[in-house]
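Scroll down for the structure; my scribbles are underneath it.
Please treat every number below as a calculation from the coordinates, not as lab data. Worth saying up front: this structure is predicted, and the values here are computed from it rather than measured. Neighbour counts run over all protein chains shown; Cβ positions are idealised from the backbone, glycine included.
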Amino acid sequence: MKPAKIAGLVIGIGAFVTVLVVPMPLASSARHALAVLLLMMALWFTEAIPIYWTAMLPIVFYPLLRVLTLKNAALPYVDGFIFLFMGGMVIACAMQQSGLHRRIALHIMR
């Protein structure tokens, strides 16, 4: 692992723990959400872990820290547009794996 990624991981976890431990004039759920936000920012900017893992952190941490219920934390991830884009990417990947994209291009050129 590169030093920048290790630094991002350490900074993110440090910010997460600091916000949880240090008293602040915020409600506990707001403080917990801020801690998750700072962790995600550090991980996202440094790409210490893959971005798709970083994007899933609210589903894990919000129910654990009682910011949101699991259902409410997962609700933004099950939007119809997300499944539409995911289906399009699955079809595109299947076309690339089978070579259909090349055959379609050759047919159009012919």
For the chain, the charge dipole (Cβ of Lys, Arg +1; Cβ of Asp, Glu -1; about the Cα centre) points to a positive end, and the Cα of Val10, Leu84, Gln97 closest to that extreme belongs to Gln97
Which of (i) 1.20; (ii) 0.94; (iii) 0.98 is the computed Rg/Rh (Cα atoms, Kirkwood Rh)? It is (i)
Diffing region 11-23: the Karplus 3J(HN,Hα) column from phi (6.51, -1.76, 1.60, θ = phi - 60°), in whole Hz with x for Gly and Pro, holds 5, x, 5, x, 5, 4, 5, 4, 5, 6, 8, 6, x
Eigenvalues of the alpha-carbon gyration tensor of region 51-110, times 5 and square-rooted, give semi-axes in Å, largest first, of 39, 11, 6
Pseudo-spin-label distance Tyr52 to Ala27, built 7 Å along Cα→Cβ, given in nm, is 3.5
In debye to the nearest 20, the charge dipole size for the chain, taken about the Cα centre with +1 at each Lys and Arg Cβ and -1 at each Asp and Glu Cβ, equals 300
Using the Kirkwood radius over Cα pairs of region 1-63, the Stokes-Einstein translational diffusion coefficient at 37 °C and 0.692 mPa s, in µm²/s and rounded to a whole number, is 277
From the Cα centre of region 85-110 to that of region 1-57, the distance in Å is 39
Rounded to the nearest 10, the angle in degrees between the Cα long axis of helix 80-98 and the longest principal axis of the Cα atoms of the chain comes to 50
